[in-house]
Structure formats: C-alpha cells, structure tokens
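Enquirer: Below are the structure tokens for one structure; questions will follow.
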C-alpha cells in the first residue's frame, strides 16, 4: 500500500488564514504550523464522518525552504492535506534500508519524529499535489519535500495522533478516496 492517496473531492477552501504559530521545525522555521479559525476547521472536518471528527485537529502549515530532508513527523500519525499553494513541490516517501541509522540530530522543534540520510532509504513513491487537491499521508513513514520555487508551499492539514493512516483510509473508504 502506498503511503499517500489523493481524494476525489477537491477542496473549495482558498483563503489563507494564519493564526498564532503552534510549532515550527528546522532552521529559519522551514516548516511552521499555525492555528486556524474554528470556521475553517469545521469546513475541513466536513470530509470526516461525524463520529470520527474528534480524532482530528486542523492547522495550516507553510514550507519556506527548497528541501525538507527525509523525516517522520512529530506528534501525528496521519495528515490530510488540503493544498492551497503547492509550487509543484515533490513529496517523496521512502522505505528504510536494512541497517540504516537514525541521525542523532533532530530537526529544531522535533519531538518523537526522526531524520534519515537519503542514502539509507529506498523510494516508496512520489506525488506532486496541485492547488485544490486533498491528499491523505502516512506521516509516520519517512518522507521529504523538494520545493522548486522560492515561494512558500501552503496547505491546511487535519492531523491525528490517535488514528493510523490505515484507520483513516478505512473511515473514508467508499466516501471520497480514489486509490492511485
């Protein structure tokens, strides 16, 4: 199973709503998450069945660097990203080679996430999100981002640290998922 899937339903949310900074990672805040208004969060949650909405928290994030090295996310297992500005950035997922070592340095702000050298990894697939698309990502798996533009890559995200990627796919199965 690929660690990412695009939804058939596009997002109609185009407003950018940066609230207070929640957390950031990397030098110069290469990835930064911000709070969003309750109105925007409720719009994002509409794709999730009511009984499961309490498992997800909405935010908006910005990537302001050309390369985010291979890592796993901190404090979340799955992300549902609603891309606003994608800049043709490439998201790459990886499998870990036998004997690979976790880098001892963590990215600034990282808690339980880890960082790897790309030479210790094997590609598990890539995708390029377009503005308006929604993607479910298994952020517990190692991934990186290559942003070919000087512009920030911006997306809203629903995150869960209780449900897995597989759980999330099952919840949305038959509703909006289009496996690729």
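Enquirer: Of all residues in region 115-138, which are over 23 Å from residue 76 (Cβ atoms) and in contact with a helix residue (DSSP H, G or I) (Cβ under 8 Å, 6 or more places away or on another chain)?
Expert: none
Enquirer: Taking strands (runs of 3 or more DSSP E) that fall entirely within region 108-148, which contain at least 1 residues that are modelled with pLDDT of 95 or more and under 21 Å from residue 48 (Cβ atoms)? Please lay out each step first, then the result.
Expert: Values: elements: 121-128, 134-137, 143-146.
Passing ranges, in order: 134-137.
Enquirer: Which residues, counting only those in region 33-51, are over 12 Å from the mean Cα position of the chain (by Cα), crowded, with 17+ Cβ neighbours inside 10 Å and not in a loop (DSSP other than H, G, I, E, B)?
Expert: Of everything in region 33-51, those that are over 12 Å from the mean Cα position of the chain (by Cα), crowded, with 17+ Cβ neighbours inside 10 Å and not in a loop (DSSP other than H, G, I, E, B) turn out to be 34, 40, 41, 43, 44, 45.
Enquirer: Right, another one. Run residue 71 past the list (1) out of contact with any helix residue (DSSP H, G or I) (no Cβ under 9 Å at 6 or more places or on another chain); (2) closer than 18 Å to residue 136 by Cα; (3) modelled with pLDDT of 90 or more and report the number of the one that doesn't hold.
Expert: Here residue 71 clears every test but (3).
Enquirer: Let me spell it out: the conditions are (1) farther than 14 Å from residue 157 by Cα; (2) surrounded by fewer than 17 Cβ atoms within 10 Å (Cβ to Cβ); (3) under 16 Å from the mean Cα position of the chain (by Cα), and residue 89 meets all of them except one. Which number is the exception?
Expert: Here residue 89 clears every test but (2).
The values are calculated or read from the model by the stated rules, or taken from the named source; none is laboratory data. The shown structure was predicted, so the numbers you read here are calculated from the model rather than taken from an experiment. Positions of Cβ are generated from backbone atoms using ideal geometry, with glycine treated the same way; all protein chains shown enter the neighbour counts.
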